[in-house]
Each structure stands twice: as C-alpha cells, then as structure tokens.
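I have placed the structure first, in the form of structure tokens, so that the comments after it can refer back to it.
Please treat every number below as a calculation from the coordinates, not as lab data. Worth saying up front: this structure is predicted, and the values here are computed from it rather than measured.
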Amino acid sequence: MSTDDTTETAEASTTETDSSSKCGGATTTESDSTSKCGASSSSESSSGCGASSDDEEEVGASADDFKADPGKLITVGLGPGQPEGMTARAKAALADAEHIVGYRTYVDLLPDEITDDAEDIYSTPMCGEVSRTEEAIDRTLAGNDVAIIGSGDPNVYALSGLALEILESKGGSADAVDFEVVPGVPAAQSCGARLGAPLVNDTVSVSLSDHLTPMAEIESRLEAVAGEGFTIAIYNPWSRKRRENFQTCCEILLEHRDPDTPVGIVHGASRDDEETMLTDLETLPELGEEDIIDMTTTIIVGNEDTYVFEDRMVTPRGYETKYDY
C-alpha cells in the first residue's frame, strides 16, 4: 500500500554496478532479464508499471533444475509501516532470513538492523509481483532461506497465495521448503485504530485496484455489499491512472447508504506522512483529487449504526440491545 527512495543497501541486488550472484546464478542488472537463480523475469523489466507484461506470466526454472537441498521460504507482513508496528515474530523471521525479497517501498520500511544483517536484498518496482515472487522461490530452491515481505498482512491483497501457486507450478513442495506465513497487522486494522472503533462489527474489504481484477467485477462486489449492514474497508482507492474507479465506488455507495454515513480516511498509517480525516459519504466524492486519498490510503465507510463521538468513529457491536449501561 503505498514512495520510492530506495537505499544503497536495498539496491544491492539490482544496481547496475552489482556483479556478484548470491546463489550461484547469473548476475541481475537493471537491464538484465536473467534471474540470479534461474527465474524468467528481471526485477527491472520495462512496462508501464515497472514489470514486463509479457514475461510476468511465464514461469522459468522448475524445481528439478535445482540440485541443492531447498532452503526455507516465508512470507512476512511488516504491518502498517514503522518498525514498532512489526510483530516480534516478524522481526525474528527477518533476522533469520538470508535473502529478503520485496517491493522497493516495503524494503525501505525495514529497520537498519534487518537490512544490515541480510546476505542479499532483492527489490522490484510496482507491478513486479510475479517476477520477485518467482525470484524468491528460485533462491529458496537453490538452498537459501528467503523472506518475501509486504506491508500489512501477507494474506490480505498480498503474495502468500501467489508464492504457493508459483511453487506448485514449478513442481516444488511447500513441505520441502518449510513454507510459512508470518502475519502482520492489516491496513484496515491499523487505519481503524487511528479512527476510533469503526470495525467492531461485521466488516468487508474491497480493493479498487483493477490491476488484476476487472472493474466490472469490483463494481459487482461493491453492489453486493453496499446494501448490507457491513462496515466497508476500501483499499487502493485512487491513482492518477484510474480516477474513475473511485468515483464509481462513491456512486454505488451513495445509491445504497445515507449521505450522512460516517467515513474515515487514513493516509499513510504509521508513516511519516500520516494524515487522517473524518467526513461523510456525501462529501467523499469531492476528495478524490485531494492528496489525502491515494494508493497508501484506506477508507472506512460506516454501516447504518456507525456514528461519531468526539472525533472518533464508533460502530456498535450490539451490546446496547442486551445490556443496560
């Protein structure tokens, strides 16, 4: 979820001056299309979003191409952003990993003690999900202990599932690589905490990113939940290339919910540029062009019972119908 100012350490495996492979394969440079461990895609392939639109879908080396005993493969959730938001389990897992693989923005969030101790760090720009996940798997099959990192939780709009899919497509075994998911705090939870208590009752999450899911399908999902009594957490609400997705979302919500429904907006939760705002559903469409709403933002739309108390969203759980207080 979320800028791109990668440090020299984070670029160690992808810079043009790098000449040493960390797992016995060909060296990867910014213009190279050969993986260090036999993967088919480069971390710096060229396309509109930083990855090769052709090669991204291809899986290269199979498990049989690697002669070493496999290492360990883990997917690690960093939580909302700052090191203090990481779980102790996540920090321990990253400390044990020999190689760390991730999107550049997330690599930038790692504390120095993690990056300094790693043998190698491999990063890709946005949309390099397939190439970097395959790279991580190839490094694991080559005998290294590898961590794939992401913000939030690895099972929420992240790469745990993709890692297992690619591992299976290579003929690999999750048991052989001792595959493990290390959970983190998802964006909805970290942003909800900034807003008060908006997620106490039934909640659903919807991503407006149409990178993988056609917008028609996203609209269908929104239509299905907008009229129900759910609090809705909206991920990836806006980017310059797809303003219309946000506007369509607002239109669907306004068809099913009162204009005065409380809405909470959190930009960059737990990061240096964090910003929060409480508003209502009627005002939400006007904020699409504002800096507070972008790909690092999560929007919480209350249900019919949600209200605002002293600048905090509250969604009742239902205790008031059973107890006197």
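Note on segment 277-324: along the principal axes its Cα atoms extend 44, 20, 18 Å, ordered by decreasing extent. Computed from backbone phi, the HN-Hα couplings of segment 84-101 come to 5, x, 7, 6, 4, 5, 5, 4, 5, 5, 5, 5, 7, 6, 7, 10, 10, 10 Hz, rounded to whole numbers (Karplus: 6.51 cos²θ - 1.76 cosθ + 1.60, θ = phi - 60°; Gly and Pro given as x). Start at zero, step by 5 Å, and the Cα-Cα distances of segment 200-245 spread as 5, 21, 31, 23, 13, 6, 1 percent across the bins. Under 5 Å from the amide H of G172 lie the amide H atoms of A63, each residue being 5 or more positions distant or on a separate chain, with H modelled from the backbone and absent for Pro and chain starts. Over segment 101-240, the hull volume per residue, using the convex hull of the C-alpha atoms, is 150 Å³.
Computed over segment 203-325, the convex hull of the alpha-carbon atoms projects to a mean area of 8.4 nm².
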